[in-house]
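The block underneath contains the structure these notes are about, expressed in structure tokens.
The values are calculated or read from the model by the stated rules, or taken from the named source; none is laboratory data. Everything numeric here is computed off the predicted structure, so don't read it as measured data. Glycine also receives a Cβ, built like all others from the backbone with ideal geometry; neighbour counts cover every protein chain displayed. We work out accessible area using only protein heavy atoms, side chains counted, and drop any ligands, DNA or RNA first. Shrake-Rupley method; radii C 1.70, N 1.55, O 1.52, S 1.80 Å.
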Amino acid sequence: MSKMTPQEMAQKIGSGLLSFPVTPFKADYSFDEATYRANMDWLCGYDVAGLFAAGGTGEFFSLTPTEVPEVVKVAVDETKGRVPVLAGTGYGTAIAREIAIGAEKAGADGLLLLPPYLTHSEQEGLAAHVEAVCAAVKIGVIVYNRDNAILQPDTLARLAERCPNLVGYKDGIGDIELMTRVYTKLGDRLTYVGGLPTAETFALPYLDMGVTTYSSAVFNFVPEFATNFYAAVRKRDHAAIHAGLKDFILPLIAIRNRKKGYAVSIIKAGMKVIGRDSGPVRPPLTDLTEQEIAELAALVKKLPAARSSQQAAE
């Protein structure tokens, strides 16, 4: 069980950069625990405010409800309290509750509630879904506003009143008007997380709206770049931000946008590029081609910190 209160967890993750470690798989798609432990230990050596085990980049959608708590338990064991570990949960309400309870027992400090599987719902139904998950655990819960789960400000306000452990709001749609209305309505009642792919492109304008942190997928394989970029955002260093976008983030996005599902696949490819091969993505996702991996490797090689990352993996 977590020793952090929901409020302590929310305060901690709001203070710095967040990331979603990949879930390594072997050639037969089984969980590669040894590689996961090595990756988590390595990432904890950088300035990160929270790691989300079995999240979106961690292929939550391809893990079984039994595997999620197993992955979370390994993450909690390996991080040894150095950073908060939050777990993904989702699907239908019954399954989301089951995963949430398992993650809490595994020692997770909080949960990220992903959208319900496939179905579209009214605000009343979405609220019932969120409330049921919050009621099932004592740890803090962050709702992920995206796709088929867009909570409106009034709905969020009612949930915040009924669910003391609802402590965070992650935006994954990029609707600036909605984000402004949410922040105006709830203020500092929630911690706000930028969750658009790729979050670095939206980091600066979102900071001005009260979104103090975001989830960086590229932190998985270029942690020095990711932490330096975050520091530039917090300092509003426009020159450094634009250089990072131009030289790395936007070219990476150009590769990512070539095929569906590459938002996750390109991160696994990045792990391979730096010598921390974390295996394939599980179907229905597909891996990058060898040519695309070579293009990504060329991008990484240009980064000042790339050499130290690759040496650390050797």
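A few notes on this one:
- Restricting the first member to the stretch 62-90 and to residues that are touching a residue at least 24 places away in the same chain (Cβ under 8 Å), and the second to residues that are in a helix (DSSP H, G or I) and of a type in the set (S, T, Y), the beta-carbon pairs closer than 7 Å and six or more apart or on different chains are V74/Y36; V85/T79.
- Residue in the stretch 171-179 that is open to solvent by less than 10 Å² (accessible area, probe 1.4 Å) and assigned to a strand (DSSP E or B) present: yes
- Pair list, Cβ under 7 Å, 6 or more apart: the stretch 35-48 residue under 11 Å from T79 (Cβ atoms), other residue among the charged types (D, E, K, R) and open to solvent by 60 Å² or more (accessible area, probe 1.4 Å): C44/R82
- Applying the condition of being loosely packed, with under 15 Cβ neighbours inside 10 Å and among the charged types (D, E, K, R) to the stretch 92-141 and asking which residue is nearest to G168 (Cα to Cα) yields K138.
- Residue in the stretch 205-223 that is among the charged types (D, E, K, R) and under 18 Å from V143 (Cβ atoms) present: no
- Selection of the stretch 3-44 for residues being touching a Pro at 6+ places or on another chain (Cβ under 8 Å), in a loop (DSSP other than H, G, I, E, B) and either under 14 Å from A226 (Cβ atoms) or at pLDDT below 95 (or both) yields only M4.
- Among the residues making up the stretch 208-234, those that are among the hydrophobic types (A, V, I, L, M, F, W, C) and assigned to a helix (DSSP H, G or I) are V218, F219, F225, A226, F229, A231, A232, V233.
- Close pairs (8 angstrom Cβ cut-off, 6 or more residues apart or separate chains): part of a loop (DSSP other than H, G, I, E, B) in the stretch 115-141, acidic (D, E) anywhere: P115/D147; V137/E104; K138/E104; I139/E104; I139/D109
- Residue that is surrounded by the fewest Cβ atoms within 10 Å (Cβ to Cβ) [pool: residues in the stretch 142-169 that are in a loop (DSSP other than H, G, I, E, B) and more than 21 Å from the chain's Cα centre (by Cα)]: P164
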